[in-house]
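First the structure, in the form of structure tokens, and then the observations on it.
The values are calculated or read from the model by the stated rules, or taken from the named source; none is laboratory data. Everything quoted here is computed from the prediction, not taken from an experiment. No Cβ is skipped: glycine too gets one built from the backbone with ideal geometry, and neighbour counts run over all protein chains shown. Heavy atoms of the whole protein, side chains included, go into the accessibility calculation; ligands, DNA and RNA do not. Shrake-Rupley method; radii C 1.70, N 1.55, O 1.52, S 1.80 Å.
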Amino acid sequence: MKNAIKMDTNSLRRLAGSRSFERGEAYFEEGRVGSLVEDKGRITAFVHGSSKYRVKLWDEDGLEYECSCPVGQDGDFCKHCVAVGLTWLAGNDNKGKNALSSGSKVTFKDIRSYLLTQDKEMLTEMILDQAAEDERLRNKLLLQAASSKKEGINLTAYRQAIDNAVSPDGYVGYYEMYDYSQGIDEVVSSVSELLKKGKAAKVIELCEYALRKVEKAINHVDDSDGHMGGILERLQELHLSACKKAKPDPEALAKRLFDWEISGEWDTFYGAVKAYSEVLGKKGLALYRQLAEEEWKKIKPLGPGEKDSDRYGMRFRVTHIMGDLAKESGDIEALVAIKSRDLSNSYDFLNIAEIYKGSGNRKKGLDWAELGLKTFPKKPDSRLMDFVAEEYHHLKRHDEAMKLIWMQFEENHTFHTYDKLKTHADKTGEWPAWREKALKAIREDLKRNMKVGKSPWPWMKGHDHSLLVEIFLFEKNIDVAWKEANDGDCSDSLWFRLAEAREKGHPNDAIDVYQKMINPIVDRKNNSSYEEATKLIMKIHALMKNIGEESKFASYLNSVRSAHKPKRNFMKLLERI
């Protein structure tokens, strides 16, 4: 029995927020809620919006909720939940003070009592009539009947149910995806029940059949929320569980898994060597290795700068399989030999360096990393340089380490490279000197670019002092950061951080910054920006009140209203201040 809770319009408004509540209230008034029932503290209903959505409300130490709409799937208390809550409240007489367990006019209990008095034949016909209209119910009944036959499991019926659930009737759009994927999930759940009944071999066959169907269907649906990816993952997990129980022929399984991994479009059974090693055993792994080595012979070695148009296709897949086989055998040199087949980028040398370091051979790891720097002297991967620097620190070769990190900073003056420089300089206790050198380099860069009217950081659009502001904010030198911003401007996000940092000691500075930000925010002309501006205006109000200038706020608010009067939604929000 679910816990009893109190639900009223205020609690719904708090959960939804004013905007969603108003929309849900409109849905309620338009009568969009249907099939509402309450049973054992759980309310279920359908809401007709842009599509038909299923809503559930219940108690679990507070009001819990589910909605099949995209907003509900993101975990928000949406307008459909509001509409159902208001509809339920409207059907009771105690003005929203009743608990969920108090019941509505007609409950599942009433339906159950009615059904128990009816003739079995009549109920059967009723269910069959509904199944003719409801594909998911039809699939459920089909599979229950198929699994109850005395002569054994009817695989044809299960395949038919998979076909019915997976094969889309035309393109499945974003708003239909939840119900569509739920239908497939229900069939997968029915297949998983067979595993509990000791039918593991049949589960293997059905999982592979379903995986092929789902892979094919992905091209005909909008899977923006990743429902199909989740189904593929669930089917693979079920397949592995079934293989562990059924112990299928290891060589036949190895061939099927290899074919799927090497040619599959959706990474199905990716990493099968590791996942299925116990099931495949020596015989299965030996065949997997044989099949992989046949493909491996076709992969040509790549030297520095060379390219392969199939780098992320067959080459990537075979290399990954060969790597997994080498890891499974524990042969480090075999793994290095596989990785050495592609040395086209400096990062490839880092891969090998990390393999040796991970095995405890730091010297060989550093040798490979230094070879990578030597092979790519102009622009080596920064991660390779970081690796070598860390190893140099480990060997007390601090000057060489700092030279590599400084090269990265000189190449690109950013907060990230500045922070990295500090991290490495702290290891030697020499940060003050390196800090002074870095700040001098940044200022010289600014001067050079100011002369030609060019920003060194294109994305900052002329906010040339943004890097210095960010650095001084990080170092908690707020006054220096403030001066830099006023001398050379900075990005809007940094101005906001500066204002927040100056609220206590310099509230007038913060108020001035916030007021300058209002118009650009409002001029984006959307409801979220109006809400953002309103919150900022409320912050301005609080600051003005704290310094005894609340009387000036009314005049400021009127000026904002005058400037943005045509924006009705914004005006509504301002009225609530």
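At-a-glance table
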{"item": "E411 accessible area, assembled protein chains, probe 1.4 Å, Å²", "result": "120"}
{"item": "Segment 151-215: proportion of alpha-carbon pairs further apart than 14 angstrom, %", "result": "57"}
{"item": "Residues of type lysines that K396 reaches as a straight line, Cα spacing below 17 Å, ignoring anything fewer than 8 places off in the same chain", "result": "K363, K427"}
{"item": "FRET efficiency, 1/(1 + (r/R0)^6) with R0 51 Å, evaluated for L128 and N412 via beta carbons", "result": "0.15"}
{"item": "Helical mean residue ellipticity (222 nm; -39500 (n - 2.57) per DSSP H run of 4+; nearest 500) of the chain", "result": "-21000 deg cm²/dmol"}
{"item": "Cut-off 14 Å (backbone N to label point 7 Å along Cα→Cβ of K525), residues of segment 547-577", "result": "564-570"}
{"item": "Most to least accessible of I153, I332 (protein chains only, probe 1.4 Å)", "result": "I332, I153"}
{"item": "Listed residue pairs exceeding 31 Å between alpha carbons, taken from K525/K545; K300/K420; K109/K140", "result": "K300/K420"}
{"item": "log₁₀ of I(q)/I(0) at q = 0.17, 0.18 Å⁻¹ - segment 467-577, Debye sum with one point per alpha carbon", "result": "-0.83, -0.90"}
{"item": "Dipole-positive endmost among I184, Y209, L335 within the chain (Cβ charges, Cα centre)", "result": "L335"}
{"item": "Percent accessible area from carbon and sulfur atoms, the chain, protein chains only, probe 1.4 Å", "result": "50"}
{"item": "Value of relative contact order over the chain, rounded to a whole percent, pairs C-alpha under 8 Å and six or more apart", "result": "5"}
{"item": "Per residue solvent-accessible surface (Å²) - the chain, probe of 1.4 Å", "result": "55"}
{"item": "Proximal lysines to K297, defined as alpha-carbon separation beneath 16 angstrom and excluding residues fewer than eight positions away on the same chain", "result": "K339"}
{"item": "With all protein chains modelled, accessible area of D222 [1.4 Å, Å²]", "result": "40"}
{"item": "Ranked order, K525, K140 - accessible area, probe 1.4 Å, largest first", "result": "K525, K140"}
{"item": "Debye-sum result for the chain in log10 I(q)/I(0), which assumes one identical scatterer on each alpha carbon, at q = 0.10 Å⁻¹", "result": "-1.19"}
